[in-house]
1. For the chain, what is the calculated [θ] at 222 nm in deg cm²/dmol (nearest 500), taking -39500 (n - 2.57) for each run of four or more DSSP H residues and dividing by its residue count?
2. Quick one: which of K132/K236; K91/K295; K144/K244; K72/K295; K72/K255; K144/K295 span more than 24 angstrom between C-alpha atoms?
3. Please give every one of the lysines within straight-line cross-link reach of K358, meaning a C-alpha to C-alpha distance under 26 Å, and leave out same-chain neighbours fewer than 8 residues apart.
4. How would you rank W282, W94, going from fewest to most other Cβ atoms within 10 Å of each one's own Cβ?
5. I want to verify the translational diffusion coefficient of region 307-421 in µm²/s; compute it with Stokes-Einstein, Rh as the Kirkwood radius over Cα pairs, at 20 °C and 1.002 mPa s.
6. How high is the FRET efficiency from Q373 to A350, r the C-beta distance, R0 41 Å, rounded to 0.05?
7. T281 to K317: extension gain in nm, 0.36 nm per residue of separation minus the Cα-Cα distance?
8. How big is the chain along each principal axis, measuring the range of its Cα positions in Å and listing the largest first?
Amino acid sequence: MKTFVRCLVVAAAGVAGVARGDVVIKSDGTRIEGKIVQEDANVVVVQYNIGEIQINEKVAQNKIKSIARDAKPDATYCVIPIHGEIGTAVKAAWVQKALDQARSHHPDYVVLDIDSPGGEIGEMHDIIDVLKASDAVKMVAFVKRAISAAGMIALTCQTIVLKPEGEIGAAVPWHFAPDGSAQAADAKFRAIMEAKCRQGAEHGGHSPLFVDAMVEMDSVVSKVQVGKGVQLVEGKRDGATLLKKSGNILMLQGKEAIDCGLAAGLASDLPSASTFVGVKTWAEVGGEVAAYMEKQPRIDRIHQEAQEKKIVQTMQKITILRGIEEDRARLSMLQEQKKEVDATLDGLVADAQREADKVRSTFNNSTKDATAQNLQSTGMSAIARRYQPRIDAAKRESDAIRQQMADVTAHVDALKKAIDEN
């Protein structure tokens, strides 16, 4: 095992692989968990592991706020990031695998660290189903931003903790119209979506009226103080405080989420959120689970790009093959044309030869005087004038077709080479 000594300032709260041991709290609030292996008047060295790498971190004594030796947390948690758009940056299959990985660390809690603007409703349905099937572990939503579909996912968790600037809600379903504008989903689609979201809220122990308030423009929801808790009621009630009026969509920020009984509390970071799940301290385990979720969008993009490249290559190959077939058909046509032209050429040459032979034969049998010679010369010239332009034209046409055939053959060879290179 490799060992490194580092003097860098590290935000080591919840270091992967560390659940128990000594805890050093630095003056800036940084929490380092591990084993103190060296200590003197000037420095403390804390040893901990990240995967297979062992790190010895030096901390100056004058930068230490407190040290808890052999501190044992009351509970452990594993983080699953829900960051980015649902359906592209977060998918149900990834959440399922992350949960499977988390279970191998036997955490007391699984924390969904949510920072999402929402996304695809179908993917949201699948994620809710995944979370509903995970009864063996308590689910906590730690929310910076849980808008639309992400808000419905948060409602599936038993405990919701918001960051001070956190927000949750606004889940009106919509789709793109043919002209590209955003339009509200139809009644059937809305009914299916709302039913799934209510199931998720009930699984998380939250009132389904939160779903109505976040989804339905026409809904009216009020809150009633019941003992130390808050209960949501439909419509306006005497003695109740209006939470959401008709024509609005519920969006809760920070303390608003606490006041209506949705959030357990506000926390700036996960270590300080432990009190809202009923434990004094907790420590993170399974840091590789968060790393898995964070890298999946990039892997997915690589796979998509590879698939798209394969599709493009296939389409290019199909286009090339079509080109080859077209060239072969043209080549066959040119071959037939050349046969006809060559046949015409051969016929012209043969006709000219026969007429020339006839002229020669006529004058070969006559007296070889000047008159006969002149007549023979005149006859041969007439034959040449009559046939030679036609023969020359046929030769030019034959040569042109031969060149076209050579060009087409070269093009076919180039296309075959392109297929091999593709």
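1. Working: 8 runs with 190 residues, N = 422.
Computed mean residue ellipticity for the chain: -16000 deg cm²/dmol.
2. On the way: K132/K236 32 Å; K91/K295 12 Å; K144/K244 22 Å; K72/K295 31 Å; K72/K255 31 Å; K144/K295 20 Å.
Beyond 24 Å between Cα atoms: K132/K236; K72/K295; K72/K255.
3. K358 reaches K368, K395.
4. Numbers: W282 24, W94 21.
With the fewest neighbours first, W282, W94 line up as W94, W282.
5. Values: Rh = 18.1 Å.
For the chosen part, D equals 118 µm²/s.
6. On the way: r = 26 Å, r/R0 = 0.63.
For Q373 and A350, the calculated efficiency is 0.95.
7. Values: separation 36, 0.36 × 36 = 12.96 nm, distance 6.14 nm.
Additional length available on full extension: 6.8 nm.
8. 144, 67, 33
Read-outs: derived from the displayed coordinates by stated rules, not from any lab. Owing to the predicted nature of the structure, the values given are computational and were not obtained by experimental measurement. Every residue, glycine as well, gets a Cβ built from its backbone with ideal geometry; the counts of neighbours run over all protein chains shown.
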